[in-house]
Amino acid sequence: MQQSTDTIAAIVTPLGKGGVGIIRLSGAKSLVIGQKFFSSAKKDFTCIKPYRLHHGYFVSLKGEVLDEILLAYMPAPGSYTGEDVVEINCHGGPAVLQSVLEEVLKAGARLANPGEFTYRAFLNHKIDLTQAEAVMELINAPTQAAIPLAQKKLQGLLQQKIASLRTILEELKQDFCVAVDFPEEDLECAPPHLVQEKVQKVLQEINSLIESYRQKHLYQDGALVVLTGRVNAGKSSLLNALLGRERAIVTSIPGTTRDYLEEYVNFKGLPIKLIDTAGLRETQDEIEQIGLQRGLELIQKSDLCLLLVDIREKFTSYEQKILELKSFRDVFLLLTKVDLSSKEPSWVKTLNLPVFKISSATGEGISDVIDAIVGHLSGDSLEATSDLVPNLRQKNCLQKAYQELENLLTHLGDLPYDLLAVHLDLACRYLQEITGEITTDEVLNNIFQNFCIGK
Ligand code: GDP
């Protein structure tokens, strides 16, 4: 996306029928274009005033009234984008909105690219990169639990936290410079124990942000939970029990679920994609083999794997294969059909796995499984170490900054301050990448191309 100063316009509400639909203009010509089409409903109307809702009509260039509208004008720099903005509230019909948009484009505006309003807000320093990303995270919030996570970042709290860490590092950098310029005074301006203390403090804060990503990012990004087990272990029945409705076709003929089924559930605010994989069995059927292979791949990339075994069955090479694919940490063993038998097989004790006894027929144990899934995926402790949850890009930058500061501490005392300052510099750069003070077109394009048109 290039920086441009022309006037852009787009329908900013979803296309479809609704009470109201909004067209937004941003750029120097916004007001002129707005004035061209606006005809006030008030007899004593003089001009469009800032921050007022003006009631009137949108009259096309040919003189036709296209809609009864409310028009608002927000002058630069006090608008979302930091430029002159005009918003036209129309009736929410796709044809009406399209007609109004076309008129506006004929009058000299250009159709906005995806995310261009927010991109301009970023370029005009109305928001930093963490806030721009938070706009998208808020719009994409999969459940209500993700809203406060995005809101905190939208309010600039992550930006402030990063800025405070950078301040500490910048001060240290200055101390290092003095130590280099006046070597005989270096012990006074940057004594190693004080450097150590300050760097440790920053490391702790960075670590707590990384940790909170680990604990809470699934609330933003969603988790993948895969059900697996031999044919007839009870996977489809469990999927239905977890969903609370009939979805997967359940039969006692082995092989009903030939590929896989996926469903989205919201367990206590945690958005989860549940996948019922094809039952594991030897097969010559080519299509079924592809299904099995895809199932194994899904198991590998899942956040949690539910391995189902009929409580009356033995431990076989199939279960062994799953345990070889996945870390023990991320597998729950579910002994199924406990309404038919409650005797735990002796092989269970030989495995170091969390075990749940369930019956999809009676519902026994199902809520325990749900609690355990949420507990496992939302981290060992329910309290996140920080209430700020970075996204993946931000977490990666934090990890790089962390690494640089660790390197600095490793060499503190061995290396001269000008060499140690290189690590400080790099750590600061990674922190600046988070807020977008230092960034590349590639990073910006990656972020803004995922926005919708009109945001
Ligand atoms: P899948 O092949 O692993 O998906 O297994 P299904 O869910 O299709 O179940 C296979 C058979 O076991 C079906 O006849 C189910 O009705 C039966 N079944 C599944 N769960 C239970 C359970 O908890 N209790 C009883 N009694 N039967 C079950």
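The values are calculated or read from the model by the stated rules, or taken from the named source; none is laboratory data. Quantities reported herein were computed from a predicted structural model and do not represent experimental measurements. For neighbour counting, all protein chains shown are included, and Cβ atoms are generated from backbone atoms with ideal geometry for every residue, glycine included. Surface areas here come from the heavy atoms of the whole protein model, side chains and all, with no ligands, DNA or RNA. Shrake-Rupley method; radii C 1.70, N 1.55, O 1.52, S 1.80 Å.
So Val331 ticks every box in (1) more than 16 Å from the ligand (Cβ to nearest atom); (2) surrounded by fewer than 17 Cβ atoms within 10 Å (Cβ to Cβ) but one. Which box is left unticked?
That leaves (2) as the condition not met.
Using the structure shown, decide if Val104 is surrounded by 15 or more Cβ atoms within 10 Å (Cβ to Cβ) and within 15 Å of Val12 (Cα to Cα).
Working: surrounded by 15 or more Cβ atoms within 10 Å (Cβ to Cβ): yes; within 15 Å of Val12 (Cα to Cα): yes.
For Val104, the condition - surrounded by 15 or more Cβ atoms within 10 Å (Cβ to Cβ) and within 15 Å of Val12 (Cα to Cα) - is met.
Given the criteria part of a helix (DSSP H, G or I), open to solvent by 50 Å² or more (accessible area, probe 1.4 Å), away from the ligand (no atom under 16 Å from the Cβ) and at pLDDT below 85, does Glu188 qualify? Show your work before the answer.
On the way: part of a helix (DSSP H, G or I): yes; open to solvent by 50 Å² or more (accessible area, probe 1.4 Å): yes; away from the ligand (no atom under 16 Å from the Cβ): yes; at pLDDT below 85: yes.
It is true that Glu188 is part of a helix (DSSP H, G or I), open to solvent by 50 Å² or more (accessible area, probe 1.4 Å), away from the ligand (no atom under 16 Å from the Cβ) and at pLDDT below 85.
Matching residues to (1) at pLDDT 65 or above; (2) farther than 17 Å from Thr336 by Cα; (3) away from the ligand (no atom under 14 Å from the Cβ):
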| residue | (1), (2), (3) |
| --- | --- |
| Glu263 | yes, yes, no |
| Phe267 | yes, yes, yes |
| Leu274 | yes, yes, no |
| Gly279 | no, no, no |
| Thr283 | no, yes, no |
| Leu306 | yes, no, no |
| Val309 | yes, no, no |
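Under 7 Å between Cβ atoms, which residue pairs at least 6 apart in sequence (or on different chains) link something in segment 355-374 that is under 18 Å from Asp330 (Cβ atoms) with a partner that is within 12 Å of the ligand (Cβ to nearest atom) and part of a loop (DSSP other than H, G, I, E, B)?
Final answer for the pair search is Phe356/Gly365; Val369/Ile358.
Would you say Leu340 is at pLDDT 95 or above, over 17 Å from Leu227 (Cβ atoms) and within 13 Å of the ligand (Cβ to nearest atom)?
On the way: at pLDDT 95 or above: yes; over 17 Å from Leu227 (Cβ atoms): yes; within 13 Å of the ligand (Cβ to nearest atom): yes.
Judged against the criteria, Leu340 is a match.
Given the criterion touching a strand residue (DSSP E or B) at 6+ places or on another chain (Cβ under 9 Å) and either more than 30 Å from Ala10 (Cβ to Cβ) or of a type in the set (A, V, I, L, M) (or both), identify the matching residue among Leu392, Leu420. Give the steps one after another, and end with the answer.
On the way: Leu392 fails: touching a strand residue (DSSP E or B) at 6+ places or on another chain (Cβ under 9 Å).
Only one candidate passes the filter, namely Leu420.
So Thr410 clears everything in (1) free of Cβ contacts under 8 Å to residues at least 40 places away in the same chain; (2) β-branched (Val, Ile, Thr); (3) under 16 Å from Glu170 (Cβ atoms) except one condition, right? Which one?
Unmet for Thr410, out of (1) free of Cβ contacts under 8 Å to residues at least 40 places away in the same chain; (2) β-branched (Val, Ile, Thr); (3) under 16 Å from Glu170 (Cβ atoms): (3).
Filter segment 51-81 down to the residues that are over 14 Å from Leu25 (Cβ atoms) and in a loop (DSSP other than H, G, I, E, B) and list them by number. Write out each step before concluding.
Taking segment 51-81 as the starting set, the residues that turn out to be over 14 Å from Leu25 (Cβ atoms) are 51-57, 59-68, 70, 77-78.
The answer is Tyr51, Arg52, Ser60, Leu61, Lys62, Gly63, Glu64, Pro77, Gly78.
Looking for whichever is in contact with a Pro (Cβ under 6 Å, 6 or more places away or on another chain) and either within 11 Å of the ligand (Cβ to nearest atom) or modelled with pLDDT of 90 or more (or both) here; the options are Leu209, Leu238, Leu172, Leu242. Which one fits?
Leu209
May I ask you to list the residues in segment 66-83 that are over 16 Å from Val12 (Cβ atoms) and either open to solvent by less than 30 Å² (accessible area, probe 1.4 Å) or in contact with a Ser or Thr (Cβ under 8 Å, 6 or more places away or on another chain) (or both)? Give the derivation first.
Of the residues in segment 66-83, the ones over 16 Å from Val12 (Cβ atoms) are 66, 68, 75-78, 82.
Selection gives Leu66, Pro75, Gly82.
Specify which of the listed residues (Ser60, Ser39) is more than 37 Å from the chain's Cα centre (by Cα) and open to solvent by 40 Å² or more (accessible area, probe 1.4 Å). So that I can check it myself, show each step before the final result.
Working: Ser60 fails: open to solvent by 40 Å² or more (accessible area, probe 1.4 Å).
Unique residue meeting the criteria: Ser39.
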